[in-house]
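The values are calculated or read from the model by the stated rules, or taken from the named source; none is laboratory data. Everything numeric in this text was worked out from a predicted model, so none of it was measured. Cβ coordinates were reconstructed from backbone atoms using ideal geometry, including for glycine residues, and neighbour counts include every protein chain displayed. The protein model used for the area step is the full one, side chains on, heavy atoms only, and it has no ligands, DNA or RNA in it. Shrake-Rupley method; radii C 1.70, N 1.55, O 1.52, S 1.80 Å.
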Protein chains: 2
Amino acid sequence: MITKLPKGLTIRNSKPSDHQRIISVMKDWWGGRDLVWMLPKLYLVHFCNTSFIIEKGDNLTAFLIGFLSQSKKNEGYIHLVGVHPNYRGLGIGEFLYHRFFQICKENNRDTIRSCTSPVNKRSIAFHGKIGFNILKGNAVVDDVQVSLDYNYPGDSKVLFEIKI
Amino acid sequence: MITKLPKGLTIRNSKPSDHQRIISVMKDWWGGRDLVWMLPKLYLVHFCNTSFIIEKGDNLTAFLIGFLSQSKKNEGYIHLVGVHPNYRGLGIGEFLYHRFFQICKENNRDTIRSCTSPVNKRSIAFHGKIGFNILKGNAVVDDVQVSLDYNYPGDSKVLFEIKI
């Protein structure tokens, strides 16, 4: 795990004006999948203190959108994370996760959850590498526990949890 | 404004298992518009203490999904509200809003925000009746201030705010 960012990259909390920058790169960063509907502007307005932007100068390099669960006082939730394709494999995603874990610990959270689509093998491997467990679902797809119809009919998700 | 619910209706906080019930009625309650993507399950998992379900026996009558802004310590945000078509005009929506205002006040919030699509004239009238102001946007549609491209390109929203 890297303990500091590669030279020239800086990290800061997100702000509402980052919304436009993030949604403009999402389709490209997700290999053509259009997931912009997953990130209405409210995430950038109301969860700034647990969401992070990594930049190189004026260029967006990576982001993490997460929040402290309001109902589950011991949980933090990571909603969406993206790293510019040219900056993958450098540990930046893991750096962002550990930055989020740190702010969760400061807020007395010991459990972090996240989820991804079964099709996103890169994300499943990434969560496994960091130490997330996959929660039991209601089906197995490619040897992975999957929760079918999670957000709406036909939407399958792999659910992750880690104790920090 | 009604101070108690019509006979036979009960209110409680939402719980995760309400998600399936809510998304199964949304298209019908929204006149055929499919807005299920607006309500991933996370809202029912993480914001239970500021979200409400109204039922008649086992039947869903209305719901309000809202949360306390994590970054803006004086704000509450109402994300989605629905009332069964057969129960409209009885003050149930306003009752839900005031229940949300009450929990916001208990948490030292003095500003509530919400938004809707310009096409939803019923929602715009409803917010006006309750006392919400419409925030200045970047366009005017049918004499209403509208924020164009709010959540993504082509998505227009009317933004509401009320001081409580």
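Does segment B:109-120 include one or more residues that are assigned to a helix (DSSP H, G or I), over 12 Å from the mean Cα position of the chain (by Cα) and modelled with pLDDT of 95 or more? Please lay out each step first, then the result.
In the first step, residues of segment B:109-120 are kept if they are assigned to a helix (DSSP H, G or I); the result is none.
No, every residue in segment B:109-120 fails to be assigned to a helix (DSSP H, G or I), over 12 Å from the mean Cα position of the chain (by Cα) and modelled with pLDDT of 95 or more.
Scanning segment A:1-29 for residues that are under 30 Å from A:Asp155 (Cα atoms) and more than 14 Å from chain B (Cβ to nearest Cβ), which turns out surrounded by the fewest Cβ atoms within 10 Å (Cβ to Cβ)?
Per the stated criteria, the residue is A:Asp28.
Need the failing condition index for B:Lys73 against (1) over 19 Å from B:Asn108 (Cα atoms); (2) of a type in the set (D, E, K, R); (3) free of Cβ contacts under 8 Å to residues at least 40 places away in the same chain, just the number.
So B:Lys73 meets the others, but not (1).
Taking segment A:58-74 on its own, how many of its residues are in a strand (DSSP E or B) and polar (S, T, N, Q)?
Pass one, segment A:58-74, residues in a strand (DSSP E or B): A:59-68.
Retained after the next criterion (residues that are polar (S, T, N, Q)): A:59, A:61.
Here the count works out to 2.
Only one of B:Tyr152, B:Tyr77 is within 24 Å of A:Ser14 (Cβ to Cβ), within 11 Å of chain A (Cβ to nearest Cβ) and surrounded by fewer than 20 Cβ atoms within 10 Å (Cβ to Cβ). Can you tell me which?
Unique residue meeting the criteria: B:Tyr152.
Test A:Phe126 against the stated conditions and say whether it is in a helix (DSSP H, G or I), farther than 21 Å from A:Asn13 by Cα and at pLDDT 95 or above. Please lay out each step first, then the result.
Details: in a helix (DSSP H, G or I): yes; farther than 21 Å from A:Asn13 by Cα: yes; at pLDDT 95 or above: yes.
Yes, satisfied.
Find the residue count for segment A:47-74, including only residues that are among the small types (Gly, Ala, Ser), open to solvent by 10 Å² or more (accessible area, probe 1.4 Å) and within 14 Å of chain B (Cβ to nearest Cβ).
Filtering segment A:47-74 down to residues among the small types (Gly, Ala, Ser) leaves A:51, A:57, A:62, A:66, A:69, A:71.
So of that shortlist, the ones also open to solvent by 10 Å² or more (accessible area, probe 1.4 Å) come out as A:57, A:71.
Then keep just the ones that are within 14 Å of chain B (Cβ to nearest Cβ); that gives A:71.
Number satisfying all stated conditions: 1.
Any residue that is small (Gly, Ala, Ser), surrounded by 21 or more Cβ atoms within 10 Å (Cβ to Cβ), in contact (Cβ under 8 Å) with a residue 40 or more places away in the chain and within 14 Å of chain B (Cβ to nearest Cβ) - is there at least one of those in segment A:80-101?
No, every residue in segment A:80-101 fails to be small (Gly, Ala, Ser), surrounded by 21 or more Cβ atoms within 10 Å (Cβ to Cβ), in contact (Cβ under 8 Å) with a residue 40 or more places away in the chain and within 14 Å of chain B (Cβ to nearest Cβ).
Does A:Tyr77 meet the test of being part of a strand (DSSP E or B), under 18 Å from B:Leu39 (Cα atoms) and among the hydroxyl-bearing types (Ser, Thr, Tyr)? Before you say what the answer is, go through the steps one by one.
On the way: part of a strand (DSSP E or B): yes; under 18 Å from B:Leu39 (Cα atoms): yes; among the hydroxyl-bearing types (Ser, Thr, Tyr): yes.
Yes; evaluated as a whole, the condition is true for this residue.
Is it true that B:Gly137 is more than 30 Å from B:Leu9 (Cα to Cα), without any contact (Cβ under 8 Å) to a residue 40 or more places away in the chain and open to solvent by 60 Å² or more (accessible area, probe 1.4 Å)?
Numbers: more than 30 Å from B:Leu9 (Cα to Cα): yes; without any contact (Cβ under 8 Å) to a residue 40 or more places away in the chain: yes; open to solvent by 60 Å² or more (accessible area, probe 1.4 Å): no.
When the stated conditions are applied, B:Gly137 does not pass them.
Here are B:Leu64, B:Leu44: which of them is touching a residue at least 12 places away in the same chain (Cβ under 8 Å), over 26 Å from A:Leu35 (Cβ atoms) and not basic (Lys, Arg)?
Just one listed residue meets the conditions, B:Leu64.
Can you find a residue in segment B:47-70 that is of a type in the set (Gly, Ala, Ser), at pLDDT 95 or above and touching a Ser or Thr at 6+ places or on another chain (Cβ under 7 Å)?
yes
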